[in-house]
Amino acid sequence: MRSLVISSLCFLSGLSSLVSGASVPRYFERQPTTRQNLTSQEVRQELGSQISPGTLIYGPDDAEFANLTSRWNDFSKPDVRVVIEPAAESDVSTIVKYCNDNSIDFLAVGGGHGLTYSLKKFSGLQISMRQLNNITIQESGKSAWFGGGTVVGPVIQYLYDRGYVTTTGGCECVGMLGAGLGGGHGRYEGFYGLISDNILQLRVVLADGSAIVVSNSSHSDLFWAMRGAGHNFGIVTSYEMNIFPVGPKTWHWHNYIWRGEQLETVFGALNAFHNNGSTPVNMAFEAGNFLMDTSITSEEPVLFWTFAYRGPADEAEKLLAPFNAIDAVSSTMGDVPYSQIATVQGTSWDSPICQHGLLHVTSTVFLQVFNVTTERQIFEGFKRRAQSSPALAAGSSIMHEGYSTEAVDKIDPASSAYPFRGDHHLNLFNAVAPSPDYEAEARAWAAEVRDQWMAGQPGRKLDAYVNYASGMETAPDWYGHESWRIERLKSLKAKYDPYNRFRYYNPIIAA
Ligand SMILES: Cc1cc2nc3c(=O)[nH]c(=O)nc-3n(C[C@H](O)[C@H](O)[C@H](O)COP(=O)(O)OP(=O)(O)OC[C@H]3O[C@@H](n4cnc5c(N)ncnc54)[C@H](O)[C@@H]3O)c2cc1C
């Protein structure tokens, strides 16, 4: 931090001698603060003539403002005064420069699913990427260009309709870049890696408003950082990614509901099935939740599990035999085209998990294997809440994800800022508070579950996937515990964002 301050001051003194007589843009003030009483009328007057005709500016009185600022997690809602929706990539530079000249903080928004508490510290102008949603498949059929505001669901559908797939998040409602700049886990990662592993180049607007291309051959140091810690470095206006042929006609899915008494058998079977990171690659994704289903019982949660296999039922069901042998309350299955797998697994646009406007309290831990004793303790904790706090328990879930990870594991961990290739199970505690009054209770529960997961893997540090993190962790928990990772990220911050303009999404350097 000290070296950052010194270099900033050196830069400042050099600049003021260069422009002697001219006023120093407010961007170069060390702590930019949001201009008081920023209004959409002012922004329209001051910026309107500089931006392209389709660019839209909204204030709180405009009908669309509520829609554009709605969030998945209302507990971490940024304070947005004005929203601008750029119509062209070049507008993003213009907007950032305008913000810098006027001491206005800015925040890029894609799908609005960023859940971290650090977003709550933001106050200023939202750059809504929604209109930058073009997709252009390249002639080679090996890559496509995507707009900086593309969202998972439309990307899957657009490519699928033309015979292609790519790595995406599993949930259709999530922004491709919100997810991809931090890694991006999804059903194709066992085959091709994370979203970030398939990015070939990015067009990025830096903190000073300049637009650059970032790739292995252009600003390669930043390319390393953008793939894992990208939210901290710039606004991506478009990006090129690998795409792949669509693959088998159908995916097989199988959903189970088990009662709590089966927990030990289920987790024993899961550990054998995943065998510490060697899941058969076609067994692309399974996710399981402890959640309340009062049509089955109001005494305790049930275990809801869903499996997705890339290929036919007979192949899948051979692998699922250990789960079929566990006595289930319900067991349903089918075969669908890839473009519909999110619907049957409960991760599509209209599924409850995608709903905006709720009060979430979360915690997360990455695991290598499940500790069955720990899972029993966590289940019993949920069961106690079902009795003592049924309203809080009703909306809560404790999620355990297991992807096939072959392609993720094959990539050199040092080749990008994504730090956790050795982990296999993404776990998320996710309470929905019925009202703000429940926040303290939900937070205590979130901490309890996180501590239980950690106690169940002694000797390992907290690996908190940056995109699932609640914001209550530390920078090494998000960006890796090897000290060289944080050092490298800090020196890249000094180079590309010396005034820490990008500090609202799990910041490398806290404000
Ligand atoms: C319901 C749900 C499902 C999820 N499913 C998955 C999943 O399947 N796989 C997975 O890996 N993660 C998943 N996540 C986590 C998800 O990756 C993060 O929450 C991510 O931040 C969401 O991105 P967004 O664009 O939707 O959110 P936003 O809040 O719009 O964006 C999050 C942050 O990303 C940055 N950002 C967004 N767009 C840009 C851009 N164009 N340029 C630069 N920075 C930008 C900004 O810093 C912004 O604050 C899920 C989260 C939720 C809530």
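Just need the relative contact order of the chain here, percent rounded to a whole number, with Cα pairs under 8 Å and 6+ apart. Could you put the intermediate results ahead of the total?
Values: 1094 pairs, mean separation 81.3, N = 511.
RCO, the chain: 16 percent.
Round to a whole angstrom and tell me the spacing of the C-alpha centers of the stretch 86-107 and the stretch 293-333.
So the two Cα centres are separated by 49 Å.
Taking the 0 to 90 degree range and rounding to the nearest ten, how far is the long axis of helix 372-388 tilted relative to the main principal axis of the chain, both from C-alpha atoms?
80 degrees
Could you order peptides 227-239, 302-314 by the average number of other Cβ atoms within 10 Å of their residues, highest first?
Numbers: 227-239: 27.4, 302-314: 20.6.
In decreasing order of mean packing, 227-239, 302-314 become 227-239, 302-314.
Roughly how far apart, in whole Å, are the Cα centres of the stretch 208-284 and the stretch 422-482?
19 Å
What is the stretch 348-447's relative contact order, in percent, from Cα pairs under 8 angstrom and six or more apart in sequence?
Working: 114 pairs, mean separation 45.3, N = 100.
After rounding, I find 45 percent.
If each residue of separation counts as 0.36 nm, what is the full-extension length gain between Ser140 and Gln157 once their alpha-carbon separation is subtracted? Can you show the working numbers first?
Working: separation 17, 0.36 × 17 = 6.12 nm, distance 1.98 nm.
Result for the pair: 4.1 nm of gain on full extension.
Counting DSSP beta bridges with both partners in the chain, what percentage is antiparallel, nearest 5?
Details: 70 of 80 bridges.
Approximately 90 percent, going by the DSSP bridge assignments.
Run lengths n ≥ 4 of DSSP H only: what is the helix-derived mean residue ellipticity at 222 nm for the chain, with -39500 (n - 2.57) per run over all residues, to the nearest 500?
Working: 18 runs with 164 residues, N = 511.
Result for the chain, helices only: -9000 deg cm²/dmol.
Less than 18 Å from a label point 7 Å out along the Cα-to-Cβ axis of Glu315: which backbone N atoms in the stretch 236-269 qualify, by residue?
Flagged as within label range: 244-254.
Per the Kirkwood definition applied to all pairs of different Cα atoms, how many angstroms is the hydrodynamic radius of the chain?
23.7 Å
Leaving ligands, DNA and RNA out of it, report the carbon-plus-sulfur percent of the accessible area of the chain at a 1.4 Å probe. Display every interim value, and only then the final one.
Numbers: 10430 of 19620 Å².
The value for the chain is 53 percent carbon and sulfur by accessible area.
If you count the DSSP beta bridges with both ends in the stretch 100-200, what percent of them are antiparallel, to the nearest 5?
Values: 4 of 8 bridges.
If I count the DSSP bridges inside the stretch 100-200, around 50 percent turn out antiparallel.
The values are calculated or read from the model by the stated rules, or taken from the named source; none is laboratory data. Just so we're clear, the structure is a prediction, and the values are computed from it rather than from any experiment. Note that each Cβ is placed from the backbone with ideal geometry, even for glycine, and that neighbours are counted across all protein chains shown. The area values use the complete protein model at the heavy-atom level, side chains included, leaving out ligands, DNA and RNA. Shrake-Rupley method; radii C 1.70, N 1.55, O 1.52, S 1.80 Å.
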